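Report on the following structure.
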Amino acid sequence: MIDANLTGSCFCGQVRYRLTRPPMFVHCCHCRDCQKQTGSAFAINILIERSCVVLADAAPAPVCVTVKTDSGRPHDITRCPECQTALWSDYGRRGVLLFLRASTLDAGAEIVPDVHIFTRSKLPWVTLPQGARSFDEYYDMRKEWPSASLARRAAILGDG
Ligand SMILES: [Zn+2]
Ligand SMILES: [Zn+2]
């Protein structure tokens, strides 16, 4: 089980943060956008309330880079102002829900995806673990999320 109080940082270490609650849910996203934006095979994202991501006191203010999405809604990526490591995303600029890059956590290796999504564009040499929950595109949250996580999401976003 993943603890609360996970800590993490950008590559250069100037922006440090901690999480005050465990992740609501963890995505491994194989979509083309994530592949392009990371230069890698997929992105691992922790879904968590913005209020639960606390910057260290001495951390410089992160910078925000906005990119487009297919839906036309903005995708704001928060980066270290120095090394430009992507730390988390706000899809749709909702303000309350972050997709935090799991590999920026100090204990990133302990994070296991709950679901693999957009596997229609998964690189052919990437083999998913047996029994992994995987979806061609997106999925039905109500079927896949634990009820406690659904309640946390509803608390910040309502049912939308
Ligand atoms: Zn940095
Ligand atoms: Zn993606």
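Derivation of every value follows stated rules applied to the coordinates shown; laboratory data play no part. A quick note: this is a predicted structure, and the numbers were derived from the prediction, not measured. Methodologically, a virtual Cβ is constructed for each residue, glycine included, from the backbone with ideal geometry; neighbour enumeration extends over all protein chains shown.
The table that follows gives values for the structure above.
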| item | result |
| --- | --- |
| Order of 141, 24 - criterion: other Cβ atoms within 10 Å of each residue's Cβ, fewest first | 141, 24 |
| Net lengthening on full extension, residue 110/residue 157 (0.36 nm per residue, minus Cα-Cα) | 14.2 nm |
| About the Cα centre, charge dipole magnitude for the stretch 53-160 (Lys/Arg +1, Asp/Glu -1 at Cβ), debye | 280 debye |
| Positive dipole terminus of the stretch 1-106, leading residue within 58, 74, 87 (C-beta point charges) | 74 |
| Stokes-Einstein D for the stretch 1-74, Kirkwood Rh over Cα pairs, 10 °C, 1.306 mPa s (µm²/s) | 112 µm²/s |
| Span from the the stretch 4-19 Cα centroid across to the the stretch 112-160 one, whole angstrom | 24 Å |
| Net charge of Cβ neighbours under 14 Å - reference residue 132; Lys, Arg +1; Asp, Glu -1 | -1 |
| Cβ-placed point charges (K, R +1; D, E -1), dipole of the stretch 1-99 about Cα centre in debye, nearest 20 | 180 debye |
